[in-house]
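Note sheet for the following structure.
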Amino acid sequence: MTMVELGWALTGYIFVSFILFLITSFTTLGWIIYGLILLPIYSIILLVWWLIVWQNHTKRARIRYWIWGIVLVLQILTILASPGNCYGWNQGTRCYSNLQIFLGHAPRNGPSNISHWKPVENNFHILVLAYGASVVVALSCTSTEKN
């Protein structure tokens, strides 16, 4: 795969990935975190990557696929930890994670008296940062070689 092809593949991945994050966490809190943490990370990645592609457009890329496996696992964990039900969030109520909703322990919409899974909910921000960092590491481990 050439660097230009990888650049377009990365751009498509980031676009689809960001839309997927927004769709799976259709909550105000989720969109705030994704907009304030993930969107700047994605923007910097794309800017820097296309500058690298511009300098190496005739070379081929060597991708380390096992690192991208880790990226995808972190992406799935981030989606599961993201807020899925934030009913009453403005009044100080916590948000239920998608994991808790997916396993049937919390409603998809509306209020509930079910206890929150605080370890999952509290680590959402950390997982977003870990996911963003893993994308950066995966790209920094990509090397180039002449055709």
| task | Return Cys95, Cys141 ranked ascending by Cβ neighbour count within 10 Å, so the fewest neighbours appear first. | result | Cys141, Cys95
| task | Can you pull the one-decimal nm distance between simple spin-label points at Ile32 and Ala9, each 7 Å off the Cα toward Cβ? | result | 3.8 nm
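What do you get for Rg/Rh over the chain if you use C-alpha atoms and the Kirkwood form of Rh?
1.08
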| field | Thr78, Thr58, Thr144 arranged by Cβ crowding within 10 Å, fewest neighbours leading | value | Thr58, Thr144, Thr78
| query | Can you sort Glu121, Glu145 by how many other beta carbons sit within 10 Å, fewest first? | reply | Glu145, Glu121
| remark: For Thr2, other-chain or 5+-apart residues with amide H closer than 5 Å (H placed, Pro excluded) are Ala61
| DSSP loop trypsin sites (Lys or Arg not before Pro) with at most 14 other Cβ within 10 Å: longest gap in the chain | 1-63
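Please give the contour-minus-distance gain from Cys141 to Phe102: 0.36 nm per residue of separation, less the Cα-Cα distance, rounded to one decimal in nm.
10.6 nm
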| note | Taking N as the residue count of segment 1-56, its alpha carbon Rg divided by 2.2 N^0.38 Å gives 1.29
| field | Unpartnered cysteines - no second Cys beta carbon under 4.7 Å - across the chain | value | Cys141
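Bear in mind that the values in this text are calculations on the coordinates, not laboratory data. Quantities reported herein were computed from a predicted structural model and do not represent experimental measurements. Note that each Cβ is placed from the backbone with ideal geometry, even for glycine, and that neighbours are counted across all protein chains shown.
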